[in-house]
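Input: a single structure, listed below in structure tokens.
The values are calculated or read from the model by the stated rules, or taken from the named source; none is laboratory data. Just so it is clear, the model here is predicted, and its values are computed rather than measured. Neighbour counts run over all protein chains shown; Cβ positions are idealised from the backbone, glycine included.
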């Protein structure tokens with residue numbers, strides 16, 4: 001079976017955010033699948049998605065600092081500058097991190113490692129609400145009577 | 001239903017290229033799907049695929065400049081040097097950006113954000129024609145009479 | 001049909017490793033599929049997976065050197081430092097390279113380019129055994145009598 005829906009993440013300022021719960025509370029359908037695959041695409045080119053540590057917030061703080069060093073603002077050789085000093089670095093960071101993630105589904109839940117969570121990587125100083133396309137494909141859990149739930 | 005085919009992108013010199021139309025004109029089958037997922041794998045280790053801004057070409061120019069700064073040629077510590085000074089950086093860039101992309105399909109079209117397009121990232125000075133494997137899985141659009149198109 | 005299983009990669013010290021054979025010998029089911037898609041997720045945030053050159057080991061050596069330059073240890077601005085100097089860089093490298101890969105299946109085998117292989121990117125100095133979730137979806141090869149194998 002296929003499930004596809006568009007969901008929103010609330011607007012945030014620049015930084016890395018753990019959004020696993022904000023995503024999952026919009027996807028109760030996952031509980032019905034015994035096995036499957038979920039893809040989430042962020043429909044923007046100045047924010048991205050990645051999977052990383054879900055525990056200590058200092059990791060997300062350091063992500064923001066490291067990516068700002070890797071792709072600094074205001075370099076003299078940048079030509080795409082008219083949308084703000086954060087814009088071109090946002091595009092580069094978006095492709096370094098990626099626009100979509102794939103997560104397996106097992107017995108009605110995401111099958112992530114115990115320390116893994118979903119990060120929204122907001123690369124604009126003042127991001128807007130971000131739109132995601134969630135596409136899930138999988139098999140329904142069979143009930144005890146052999147009928148799909 | 002599954003669709004899988006190998007398509008080619010024409011040879012290009014080093015740089016980042018918007019290839020959404022060159023890809024889509026080879027994939028008329030997408031129009032038949034109501035919901036699904038498309039994966040494109042580039043079968044090379046010195047070129048890559050990413051999703052980014054489809055509007056101003058200056059973004060692609062800046063991508064080329066930024067990735068050359070991130071992964072410069074001719075570093076003294078490189079050991080894999082016999083295939084040319086662009087070769088080892090090409091491999092690194094390929095893994096930073098990724099060998100494949102996933103894009104959802106909705107009502108017969110790719111479901112990308114309005115500013116998103118597909119980039120071919122050619123990391124060799126003189127790339128050859130690049131071979132892609134396109135794998136699509138999804139549900140056919142039903143016609144008004146309830147029969148699959 | 002869907003196939004999902006968890007497999008292990010043996011423990012390794014920090015570096016980039018070609019693991020195509022170690023993965024494939026645990027996945028004989030691929031031979032039964034005519035067309036499909038395989039996703040492999042690594043259930044850790046300090047190791048990653050990528051696709052790159054399967055030939056000269058010097059490429060993997062240079063990957064280790066380049067990623068150590070891109071994300072150096074012991075930077076004064078790091079705050080997530082209590083798990084060892086290799087830990088925060090490991091998280092960053094993991095997101096730069098990615099936690100999962102997708103590879104198409106064609107006629108019973110992975111459809112990779114001739115020079116492509118699967119890399120385990122071990123970012124900790126002394127990594128443990130790494131757990132992967134492999135999720136495969138595809139169509140079974142039909143036998144000559146028209147029955148699925």
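Looking at residue A:74, is it more than 9 Å from every other protein chain (Cβ to nearest Cβ), modelled with pLDDT of 95 or more, surrounded by fewer than 19 Cβ atoms within 10 Å (Cβ to Cβ) and touching a helix residue (DSSP H, G or I) at 6+ places or on another chain (Cβ under 8 Å)?
Details: more than 9 Å from every other protein chain (Cβ to nearest Cβ): yes; modelled with pLDDT of 95 or more: yes; surrounded by fewer than 19 Cβ atoms within 10 Å (Cβ to Cβ): yes; touching a helix residue (DSSP H, G or I) at 6+ places or on another chain (Cβ under 8 Å): no.
Criteria not met by residue A:74.
Using the structure shown, decide if residue B:101 is modelled with pLDDT of 95 or more, in contact with a helix residue (DSSP H, G or I) (Cβ under 7 Å, 6 or more places away or on another chain) and buried (at least 21 other Cβ atoms within 10 Å of the Cβ).
Working: modelled with pLDDT of 95 or more: yes; in contact with a helix residue (DSSP H, G or I) (Cβ under 7 Å, 6 or more places away or on another chain): no; buried (at least 21 other Cβ atoms within 10 Å of the Cβ): yes.
So residue B:101 does not fit the description; no.
Mind checking which strands (runs of 3 or more DSSP E) fall wholly inside segment C:9-58 and carry at least 2 residues that are within 14 Å of chain A (Cβ to nearest Cβ) and touching a residue at least 60 places away in the same chain (Cβ under 8 Å)?
Numbers: elements: C:13-18, C:33-42, C:47-53.
Qualifying strands (runs of 3 or more DSSP E): C:33-42, C:47-53.
Restricting to segment A:61-70, what's the tally of residues that are buried (at least 20 other Cβ atoms within 10 Å of the Cβ) and more than 14 Å from chain B (Cβ to nearest Cβ)?
At the first step, the residues of segment A:61-70 found to be buried (at least 20 other Cβ atoms within 10 Å of the Cβ) are A:62-63, A:66-67.
Still in the running and more than 14 Å from chain B (Cβ to nearest Cβ): A:62-63.
Summing the residues that are buried (at least 20 other Cβ atoms within 10 Å of the Cβ) and more than 14 Å from chain B (Cβ to nearest Cβ) in segment A:61-70 gives 2.
Going through segment A:114-131 one residue at a time, which ones are assigned to a loop (DSSP other than H, G, I, E, B), within 13 Å of chain C (Cβ to nearest Cβ) and touching a strand residue (DSSP E or B) at 6+ places or on another chain (Cβ under 7 Å)? Working first, answer last.
Filtering segment A:114-131 for residues assigned to a loop (DSSP other than H, G, I, E, B) gives A:114-115, A:127-129.
Checking which are within 13 Å of chain C (Cβ to nearest Cβ) leaves us with A:114-115.
Within segment A:114-131, A:115 is the sole residue that qualifies.
Matching residues to (1) under 17 Å from the mean Cα position of the chain (by Cα); (2) modelled with pLDDT of 95 or more; (3) surrounded by 14 or more Cβ atoms within 10 Å (Cβ to Cβ):
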{"position": "A:111", "(1), (2), (3)": "yes, yes, yes"}
{"position": "A:116", "(1), (2), (3)": "yes, yes, yes"}
{"position": "A:124", "(1), (2), (3)": "yes, yes, yes"}
{"position": "A:129", "(1), (2), (3)": "yes, yes, no"}
{"position": "A:138", "(1), (2), (3)": "no, yes, yes"}
{"position": "A:146", "(1), (2), (3)": "no, no, no"}
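May I ask you to say which residue of B:100, B:85 is more than 9 Å from chain A (Cβ to nearest Cβ) and free of Cβ contacts under 8 Å to residues at least 60 places away in the same chain?
Just a single option satisfies the conditions, and that option is B:85.
In segment A:77-91, which residue that is touching a helix residue (DSSP H, G or I) at 6+ places or on another chain (Cβ under 6 Å) and surrounded by fewer than 22 Cβ atoms within 10 Å (Cβ to Cβ) is farthest from residue B:54 (Cα to Cα)? Spell out how you get there, then give the answer.
First pass over segment A:77-91, keeping only residues touching a helix residue (DSSP H, G or I) at 6+ places or on another chain (Cβ under 6 Å): A:77-80, A:88, A:91.
Now restrict to residues that are surrounded by fewer than 22 Cβ atoms within 10 Å (Cβ to Cβ): A:77-80.
Values: A:77: 21, A:78: 18, A:79: 16, A:80: 13 Å.
Checked segment A:77-91; the qualifying residue farthest from residue B:54 (Cα to Cα) is A:77.
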